[in-house]
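J.: Here it is: the structure, laid out below.
Any read-out appearing in this document is the output of simple, stated calculations on the displayed coordinates, not a laboratory observation. Because the structure is a prediction, the values reported are computed rather than measured. Heads up, the Cβs are rebuilt from the backbone with ideal geometry, glycines too, and the neighbour counts pull from every protein chain shown.
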Amino acid sequence: MSETVRVTLYGGPLDGEVQEHTLADLGPDTAAWGTMMIVDGPRTHPRDPAARAVYEPEPGEDPHVWVWRGWSP
């Protein structure tokens with residue numbers, strides 16, 4: 001079983017949510033951490049429901065806080 005990492009999402013449609021990811025999925029390089037995810041419901045992109053919200057840690061900052069970078073098609 002892999003170690004679990006908790007991250008807090010800041011900004012964007014998922015602001016304030018806490019997620020758990022496995023370290024095996026994220027990898028050892030915290031600078032490469034981040035995710036793109038489809039957002040359902042009223043928080044989805046208004047013109048493209050399949051767009052993904054992009055979250056990444058700020059370079060040199062806490063890798064457990066992922067900041068919204070915008071939408072990706």
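J.: If you place +1 on the Cβ of every Lys and Arg, -1 on the Cβ of every Asp and Glu, and leave all else neutral, what size is the dipole of the chain about its Cα centre, to the nearest 20 Debye?
T.: Charge dipole of the chain: 320 debye, to the nearest 20.
J.: List the residues, sorted by chain then number, that are 5 or more residues from Arg69 or on another chain and whose placed amide H is less than 5 Å from its amide H.
T.: Sorted by chain and number, the residues that satisfy this are Val54, Tyr55, Glu56.
J.: Give me the net charge of Thr4's neighbourhood, meaning all other residues with Cβ under 14 Å from the Cβ of Thr4; Lys, Arg count +1, Asp, Glu -1.
T.: Net of charged neighbours comes to -2.
J.: Something else about it: Taking a temperature of 25 °C and a viscosity of 0.890 mPa s, what whole-number D in µm²/s does Stokes-Einstein yield for the chain with Rh from Kirkwood over alpha carbon pairs?
T.: After rounding, the answer is 193 µm²/s.
J.: Any chance you could run the full-extension gain for Tyr10 through Glu56? It's 0.36 nm times the residue separation minus the Cα-Cα distance, nm to one decimal.
T.: Result: 15.6 nm gained on full extension.
J.: If packing is taken as the mean number of other Cβ atoms within 10 Å per residue, what is the order of 12-19, 27-34, highest first?
T.: 12-19, 27-34
J.: A follow-up question, please. Please tell me the relative contact order of the chain in percent, rounded to the nearest whole number, where contacts are Cα pairs under 8 Å and at least six residues apart.
T.: 31
J.: Based solely on its DSSP helices, what 222 nm [θ] is calculated for the chain when runs of n ≥ 4 H residues each add -39,500 (n - 2.57) and the sum is averaged over all residues, nearest 500 deg cm²/dmol?
T.: Rounded to the nearest 500, it is -1000 deg cm²/dmol.
J.: Measure off 7 Å from each Cα along the Cα-to-Cβ vector at Glu20 and Ser2, then give the distance between these two points in nanometres to one decimal.
T.: 1.4
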